Amino acid sequence: MIPSYYEFHNPVKIIAGNKAVDNIPYELSLLKARRPLIITDQGVVGAGLLQIAVNAFAGSDAEVGAVFEHTPPDSSNEIVDEVARLFRDNRCDSIVAVGGGSVLDTAKGVNILVTEGGDSLLDYMGADVLKNPLMPLVAVPTTAGTGSEVTAVAVIANPKRHIKMPFTSFRLFPDIAVLDPRMTLTMPPKITAATGMDALTHAVEAYSCGQKNPVSDAYSVAAIGLIRDNLLKAVKNGKDKKARFAMANASLLAGVSFGNAMVGVVHAMAHASGGVAHVPHGVANAIFLPLGMEYNMSKAADYYGELLLPLAGEDVYLSTPKKERPQKAVEVIRELNRALNAASGMPITLKEAGVAKSKLEEIAATAINDGALVFNPKAVEYDDALALARAAYE
Ligand SMILES: NC(=O)c1ccc[n+]([C@@H]2O[C@H](COP(=O)([O-])OP(=O)(O)OC[C@H]3O[C@@H](n4cnc5c(N)ncnc54)[C@H](O)[C@@H]3O)[C@@H](O)[C@H]2O)c1
Ligand SMILES: [Fe+2]
């Protein structure tokens, strides 16, 4: 169904393929920048990936102004404030973010502060408060999940309030997204599994949420097909370059989709589980995706039925009676979760993810205030969120 009105926007230049990272200095020169701050984290440094990015600058006109390599998982506003000082102290003129969503989102937060001025990111919370064009930002994802390299969203933790704060503005789109197959080969199996399920959740939720449209649908369907064929392969054999690159593309496609069509109850529950109980974002999405689909079934069954085709392939789709396709789509995702659990140890219940039962009420109370619910096909009250959290527990 085509909505009577919709908008679709994605201005990010994509450079993708072998040694794409080596083109970053040239891309920066096109943006009139020559002194980037590189932001990354210890996992990425340990995997030797920072070195790949730094090496790209050898013999170029640009030079690395400074490196921040201690981004924590689910980075916080305090870290952003600290990195912004490093940017200013070293007279940087651009940012190259090399890492997963935590690093990419930190870079977006830093970009807000160094452009708008001020010492605290908290002054810029909310949607569309940014008044000026931001500094050039190059995003090099090293996980295949968040799609943050092509979204205008940053999710940053506020540890004092136990929440994850969304920042949204069209100005937050990175200028360049770089997909280089070298950058995801080292991702451990459990992180590969969880981040891949984040990408799948983006694609599925975008296909069934409030702002869905024919263009975002096309991106979702393409992403889901790639995930079906490549996620388990990449988990089982991390060195499979083809599967890795396919997952990087899937994550990007799903990012473009949900950046326009938005996400819903699964992400609301995942943000709350992350803020309250530190469940990694991808793990929480994997746990809540089948439950969220079942919750939405009365409003979104037709969409889920359509998704059985990219989720399971033609044979399964054609041999499943139409009215059974929506629930079959949920079962296919449950099966994928079980296979990922067996192959990598990715938790598939909140209990396995280390969440105390006593936290379920707080997770539900936090979820119902999450902005993602605005676009969910069905309203979610506290009791609904609590039922979902309880069902996810074990
Ligand atoms: N902005 C968006 O559009 C958006 C969308 C979804 C999620 N997010 C946010 O992204 C964050 C999660 O990001 P994530 O799932 O990518 O995880 P992450 O960035 O927290 O990374 C997870 C771990 O993997 C390690 N790692 C990453 N790449 C590696 C590699 N190639 N080799 C070895 N180790 C590697 C990291 O060091 C880290 O320890 C959350 O804060 C979430 O809210 C943002
Ligand atoms: Fe996500």
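Only the coordinates and a few stated rules stand behind these numbers; no lab work does. Everything numeric in this text was worked out from a predicted model, so none of it was measured. Heads up, the Cβs are rebuilt from the backbone with ideal geometry, glycines too, and the neighbour counts pull from every protein chain shown.
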For the pair Leu318 and Leu30, the simple spin-label estimate (label points 7 Å beyond Cα toward Cβ) gives in nm 4.3 nm
Any aspartates and glutamates whose Cα falls less than 18 Å from that of Lys239, other than same-chain ones fewer than 8 residues away, would be Asp180, Asp229
With only helices counted (DSSP H, runs n ≥ 4, each -39500 (n - 2.57)), the per-residue ellipticity at 222 nm for the chain, to the nearest 500, works out to -16500 deg cm²/dmol
For the chain, the longest principal axis of the Cα atoms and the Cα long axis of helix 265-277 enclose an angle in degrees, to the nearest 10, of 60 degrees
With DSSP loop assignment and no more than 14 other C-beta atoms within 10 Å, the trypsin sites (Lys or Arg not before Pro) in the range 54-135 are Arg91, Lys131
Expressed in nanometres to one decimal, the distance between label points 7 Å along Cα→Cβ at Lys13 and Val374 is 3.1 nm
The chain: antiparallel bridges as % of DSSP beta bridges, rounded to 5, reads 20 percent
Longest principal axis of the chain (C-alpha) makes with the long axis of helix 241-261 (C-alpha) an angle, in degrees to the nearest 10, of 80 degrees
So, relative contact order of the chain in percent, Cα under 8 Å, 6 or more apart, is 15 percent
Taking Cα atoms only, helix 214-236 is inclined relative to the longest principal axis of the chain by an angle, in degrees rounded to 10, of 90 degrees
Taking the alpha-carbon centre of each part, the distance from the range 9-86 to the range 159-215 in Å is 18 Å
If Cys92, Cys209 are placed from fewest to most neighbouring beta carbons inside 10 Å, the sequence is Cys92, Cys209
